[in-house]
Amino acid sequence: MTFVTEEFGALGRLEAEALGMPSLPFAILPHPMGDLTPEKVQEAVDQVMEEVLSILTLQPEELEKKYRGKYTETKKTFKAKPVFSWDHREERVEVTDSPEVIYRLIDARGWGDGLPVVPPTEERVLRMLEYTDRDRQEVIGVIPPRRGKATVEKIAINAVMTGCLPEYLPVIITAVQAMVEPAFNLYGIQATTNPVAPLVIVNGPLAKELDINCGYNVFGQGWRANATIGRAIRFILTNIGGGLPGVLDRATQGQPGKYSFCIAENEEENPWEPLHVERGFDPQTSTVTLVGAGATHNILDIASTTAQGTLTILANGMAAMETNNAYMGGEPLLVICPECASRVAQGGFTKKEVKIFLYENARIPLYKFARESITSMLQKRRPKWYTDVGPHTMVTIAESADAIMVVVAGGAGPHSAFVPTFGASTKAITKAIALKDGQPACSVKEFKAE
């Protein structure tokens, strides 16, 4: 048996089914539990003890009859689409050739994101598959929490639906390979109440060849590649992984990056080594980096004339209280605009020195945290750092300078972005966009089947 709060009952039941335990018994506790006193926790436990004892004494066949397929919904009602599994879908769905009818069908089945989609006809999917040398039934990864198998074909289907050009498929496949790495913690990202979303950062020659935006409005609208590649990742998380809002995706509020979150690094205006080179790849190797990212926070530097001044403003902007990085460390991301990057580099700072400066200065005095935050969050999650400390102890947003990520992107102007991340439980993953045999690909032409 297992314990869940009433808000996560449906998630727990669907997870149990995905793991092959449809009759796993649950004891349901009230929600939330995190802010309860020990006395209130004891009261909640006492309320479920009768059911716990019943579960422990029932025979297996009685448990099967009582709990198999029993969904525990929340006390609050919410509108949610039915959970859909691509592992059990119909092979073909025939529908009238009408954009409105197709849109209503896809929306009703929970296959989309609320926006219109491109119907994934067999012809379109086959055209997409021309841009990979992998077998269409090859499993690239298993997507939690429903643990759906992301085959090449299913990835292509979702890419078609989101409006991707066929040549984007290698980037999307590589992104899936990255996000199913255990260190990325995709299960936690999919099911958390936090507004975290996978951010795709593309480096190398393919970024330019595919016209992935790295300049003006880099996090905004206007570029098909950015919009549809990021959107395809979200469709894969929803349609294969089961991350439907309010069901398995439990984000309290979410964020716009959960529609689409994809950028390229502005390597031409980067005065330092780009992200993929820093992470051990050749400059001519095209890569995808997956970051478990929160919403972007604008940092305005309209007055600085020196490298020191710019770095101070950037560090202050990153010293954000109540983020996962403040409580848990991790790998916070700074997306610095070319204008600010140039000023800092001209001031003599290497990228490593930039990260050291940010680590030493992007800090928050302990006295600014609420007492409960110190005892229940900081001291529990970072005990070796903040157990025996005073009010003027400075809280870091990372465990080391090397953990801070710095990327250059954007157009002209004094605006940079702090992107808080999911904390120490999630690591950014970088992978080369490669052929099936592992050889790095320099051009999408290498993928296209002749």
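Yes or no, residue by residue, for (1) charged (D, E, K, R); (2) modelled with pLDDT under 95:
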residue	(1), (2)
354	no, no
359	no, no
366	no, yes
399	yes, yes
404	no, no
408	no, no
413	no, no
417	no, no
422	no, no
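Only one entry in 222, 241 is outside any helix (DSSP H, G or I), free of Cβ contacts under 8 Å to residues at least 24 places away in the same chain and not hydroxyl-bearing (Ser, Thr, Tyr), namely 222. Taking the criterion of being more than 15 Å from residue 162 (Cβ to Cβ) and assigned to a loop (DSSP other than H, G, I, E, B), the residues of the range 244-260 that qualify are 244, 246, 247, 248, 250, 251, 252, 253, 254, 255. For the range 302-324, filtered to residues that are under 28 Å from the mean Cα position of the chain (by Cα) and modelled with pLDDT of 95 or more, the residue that is surrounded by the most Cβ atoms within 10 Å (Cβ to Cβ) is 318.
Filtering 235, 281 for residues that are touching a strand residue (DSSP E or B) at 6+ places or on another chain (Cβ under 8 Å), in the same structural domain as residue 162 (by TED's automatic domain parsing) and at pLDDT 95 or above leaves a single hit, 281.
Each residue in the range 245-258 was checked for being under 18 Å from residue 179 (Cα atoms) and in contact (Cβ under 8 Å) with a residue 60 or more places away in the chain, and 3 of them qualify.
For the range 137-212, the strands (runs of 3 or more DSSP E) that sit wholly inside it and include 3 or more residues that are crowded, with 24+ Cβ neighbours inside 10 Å are 197-203.
Scanning the range 326-360 for residues that are surrounded by 21 or more Cβ atoms within 10 Å (Cβ to Cβ) and at positive phi turns up 329, 330. Among the residues of the range 205-224, the one identified as within 18 Å of the chain's Cα centre (by Cα) and small (Gly, Ala, Ser) is 220. Taking the conditions (1) surrounded by fewer than 21 Cβ atoms within 10 Å (Cβ to Cβ); (2) touching a residue at least 40 places away in the same chain (Cβ under 8 Å) in turn, residue 433 satisfies each one other than (1). Consider the range 106-125 and keep the residues that are exposed (fewer than 15 other Cβ atoms within 10 Å of the Cβ) and among the hydrophobic types (A, V, I, L, M, F, W, C). The one that is nearest to residue 228 (Cα to Cα) is 115.
The values are calculated or read from the model by the stated rules, or taken from the named source; none is laboratory data. All of these numbers come straight from a predicted model, not from anything done at the bench. Here Cβ is always computed from backbone atoms with ideal geometry, including for glycine, and neighbour counts include all displayed protein chains.
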